[in-house]
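Structure first, commentary second.
The values are calculated or read from the model by the stated rules, or taken from the named source; none is laboratory data. Just so you know, these numbers come straight off a predicted model, no measurement behind them. Using ideal geometry, Cβ is built from the backbone for each residue, glycine included, and neighbour counts are taken over all protein chains shown.
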Amino acid sequence: MDRRRALALEYAEHQYLRARVQGLANLAGNPHGASLLGEPGCGAFVVAGNPSPMMNRVHGDWAQQACRLVELLQTCAACAPAIALIAESAKVAGTLELEGQPLQRLKGWTHGQLFASIDELAPPSSALDIEPVTALNLERFCALHSEGFNTPAAARPINQAAFSGLLNDGRGHLYLLRDRGVAVAGAALFIADNGVAYLGTAFTTRAARGLGHHRALIGHRVQQAAALGARSVAATALVNSQSRRNLEHYGLRLSHLQTLYRAESQG
C-alpha cells in the first residue's frame, strides 16, 4: 500500500461526505442537527437526525493524529460516529484500540478504495444521454437515488438536502442518465482540494440494471474530472462487487481497504 496515496484518497472521500453534511448544517434552523468540528484534514461531521455512517464520521490520520481523533470520538459520542481504518489486508480485526479507546468493527462496512492517475485513464465517450443535475432536476435525481438504494421515507428529505448542499458547494457535481428519454441512473462527482476527483454515489433503477449505465456514468465522470483539472480519480466499492469490476474496466486499481469502526461504548 502506498500510504501517501491512500491518505490522499481517504481525504478526498471525507471532503465529499463532509460537504454533504455542511449542506445540512447550512439549512435555516439546522433542522437535522448537523454539525462539523475540526478541519478538513482532521475533524468530524455528525447529523443527529440520521444515524448512517455516511453522515457521521471522525476522520484523520491514525498514525499522526490519534489523540485528536479519540477526542473527537468522545465529543461526538451521542451521534456514534464511525472512524475509518485503512489496510492492505482484508483480515481486519473485530476490535481495536486507539490511544486506549476500544473500537468495534462495523459489519458490512469494509470496502475497497480504488485509484488511478488521470493520465492513465481514457474512457470512450458515451452515446447515452447524460445531463448535469441542477435545482430543476435535483428532485428527480434524489427520487431515483432513493429507489436505487431503498432509502426509508424518513431519510429522504435529509438525502435531498445533502445533495443540494453538495451542488451549492461548487466542488460537487451530479449527473442523470436517460435511456430513451427516461431518467434511470445517476451519479456524483466531487473535486477535492488535493486534486483527487472522488466518484461518489452511483445508482441505477432496478429495471434498468445490467445495461451498461453504471459504466457509462463512470466514464462520463472521469472525462468531467479531467476537464475540471483533477490529477487523479478515486472511488469506493465493495471488494467483490460489479461496481469494482466496472471501475477496473476503466483503469482504476485497488489502492487499499477501508474498514469502519465505532467506539465500543457506542455499540
With criteria (1) touching a helix residue (DSSP H, G or I) at 6+ places or on another chain (Cβ under 7 Å); (2) closer than 27 Å to L136 by Cα, G181 comes up short on (1)
Determine whether A8 is under 28 Å from R231 (Cα atoms), outside any helix (DSSP H, G or I) and in contact (Cβ under 8 Å) with a residue 24 or more places away in the chain. no
Sort out which residues of the stretch 142-180 are within 18 Å of T205 (Cβ to Cβ), part of a loop (DSSP other than H, G, I, E, B) and modelled with pLDDT of 90 or more, and write them in order of number. R180
Any residue that is at pLDDT 95 or above and not polar (S, T, N, Q) - is there at least one of those in the stretch 85-96? no
Would you say Q15 is polar (S, T, N, Q) and within 22 Å of H173 (Cα to Cα)? yes
Step by step: first the residues of the stretch 138-173, then only those that are in contact with a strand residue (DSSP E or B) (Cβ under 6 Å, 6 or more places away or on another chain) and of a type in the set (G, A, S), then the one that is surrounded by the most Cβ atoms within 10 Å (Cβ to Cβ). Which residue is that? G172
Across the stretch 49-65, what is the number of residues that are part of a strand (DSSP E or B) and in contact with a His (Cβ under 9 Å, 6 or more places away or on another chain)? 2
Can you name every residue in the stretch 84-117 that is among the acidic types (D, E), more than 29 Å from S243 (Cβ to Cβ) and either in the same structural domain as Y198 (by TED's automatic domain parsing) or outside any strand (DSSP E or B) (or both)? E99
Given the residues A225, A230, A197, A216, which is the only one that is within 28 Å of L106 (Cβ to Cβ) and surrounded by 20 or more Cβ atoms within 10 Å (Cβ to Cβ)? A197
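Kindly establish whether V46 is modelled with pLDDT of 95 or more, part of a strand (DSSP E or B) and farther than 16 Å from I158 by Cα.
No.
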Subset of the stretch 66-83 (residues that are in contact with a helix residue (DSSP H, G or I) (Cβ under 8 Å, 6 or more places away or on another chain) and in a loop (DSSP other than H, G, I, E, B)): A80, P81
For the stretch 127-141, enumerate the residues that are under 20 Å from L211 (Cβ atoms) and in a loop (DSSP other than H, G, I, E, B). A127, L128
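In the stretch 77-114, which residues are free of Cβ contacts under 8 Å to residues at least 40 places away in the same chain and either touching a Leu at 6+ places or on another chain (Cβ under 8 Å) or charged (D, E, K, R) (or both)?
Answer for the stretch 77-114, where residues must be free of Cβ contacts under 8 Å to residues at least 40 places away in the same chain and either touching a Leu at 6+ places or on another chain (Cβ under 8 Å) or charged (D, E, K, R) (or both): K91, E97, L98, E99, K107.
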Working only within the stretch 210-252, note down all residues that are touching a helix residue (DSSP H, G or I) at 6+ places or on another chain (Cβ under 6 Å) and either more than 13 Å from A116 (Cβ to Cβ) or outside the structural domain of L177 (by TED's automatic domain parsing) (or both). H214, R215, A237, N246
Within the stretch 168-191, can you find the residues that are within 21 Å of A127 (Cβ to Cβ) and without any contact (Cβ under 8 Å) to a residue 12 or more places away in the chain? R180, V182
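Are any of the residues in the stretch 196-209 in the same structural domain as H249 (by TED's automatic domain parsing) and on the phi > 0 side of the Ramachandran plot?
No, the conditions are met nowhere in the stretch 196-209.
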Just wondering, is there one or more residues in the stretch 49-64 that are more than 28 Å from F149 (Cα to Cα), in contact (Cβ under 8 Å) with a residue 60 or more places away in the chain, loosely packed, with under 15 Cβ neighbours inside 10 Å and not aromatic (F, W, Y)? no
